[in-house]
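Below: one structure, written as structure tokens.
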Amino acid sequence: MSIRSLVILPDSRLRLISDPVTRVDARVRAIVEDMFETMYDAPGIGLAAIQVGIPERIVTVDVGRREREDDSEDAKNPIALINPEIIGASEELSVYQEGCLSIPEYYADVERPARVKVRYMDLNGETREIDAEGLLATCVQHEIDHLNGVLFIDHISKLKRDRVMTKFTKLAKQKERDGD
């Protein structure tokens, strides 16, 4: 297992549409292990493979510690979703303040369906479904958006989104000039 480097805005890879995983094998399981390690280290509650530079439909989530406000190992509830797809969503909406490991230290309220049903493959290649609500529903939708080249800032006003893009573009140019 290893911690991977995060892809940070304005990197154009964040806008790629990720490819489906054709089979769950040792390579995919190793990517998932690295993604969990990277996500926990960040620390975050969700990560899409594209955020570590892998354009494949792989997502890791764990909202257990956040929901319980408990950092112990017992509070972890890691879920790996391969080729996840939303197959149902509630009409009821909820608003959560979202952030993103690829857009560090920026948060905004985003409105999404309060509940979703998601079909995915697990690490054994078995098809599963999960009914998610609350923070888990928001997190899963956020990460599936990443697989489709969509960022949470795409759900906020154009003015706010333009400000974020300008800020991160300037930071990237400054980093490039400084040789980081």
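Quick note: the coordinates plus some simple rules give every number you see, no bench work behind them. Everything numeric in this text was worked out from a predicted model, so none of it was measured. Cβ: placed from backbone, ideal geometry, glycine included. Neighbour counts: every protein chain shown.
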Next on the checklist: I need to check one value: relative contact order of the chain, counting alpha carbon pairs closer than 8 Å and at least 6 residues apart, in percent.
Outcome noted: 23 percent
Checklist outcome for this item: Full extension between residue 77 and residue 111 adds, at 0.36 nm per residue less the Cα distance, a length in nm of 9.8 nm
Checklist entry - How much of the calculated P(r) for the range 111-180 lies past 13 Å, in percent of all Cα pairs? => result 74 percent
Checklist entry - Hey, got the dipole for the range 83-180? About the Cα centre, +1 on K and R Cβ, -1 on D and E Cβ, debye to the nearest 20? => result 600 debye
Checklist outcome for this item: For 85-96, 125-136, ranked highest to lowest by mean beta-carbon neighbours within 10 Å, the order is 125-136, 85-96
Item to check | Sum of side-chain charges, residue 86 neighbourhood, beta-carbon under 12 Å (Lys, Arg +1; Asp, Glu -1) | outcome: -1
Next on the checklist: For the range 162-180 and the range 112-160, what is the centre-to-centre distance using only Cα atoms, to the nearest Å?
Outcome noted: 28 Å
Checklist entry - Rg and Dmax of the chain over Cα atoms: what are they, in angstrom? => result 16.1, 48
Checklist entry - What is the range 99-155's relative contact order, in percent, from Cα pairs under 8 angstrom and six or more apart in sequence? => result 31 percent
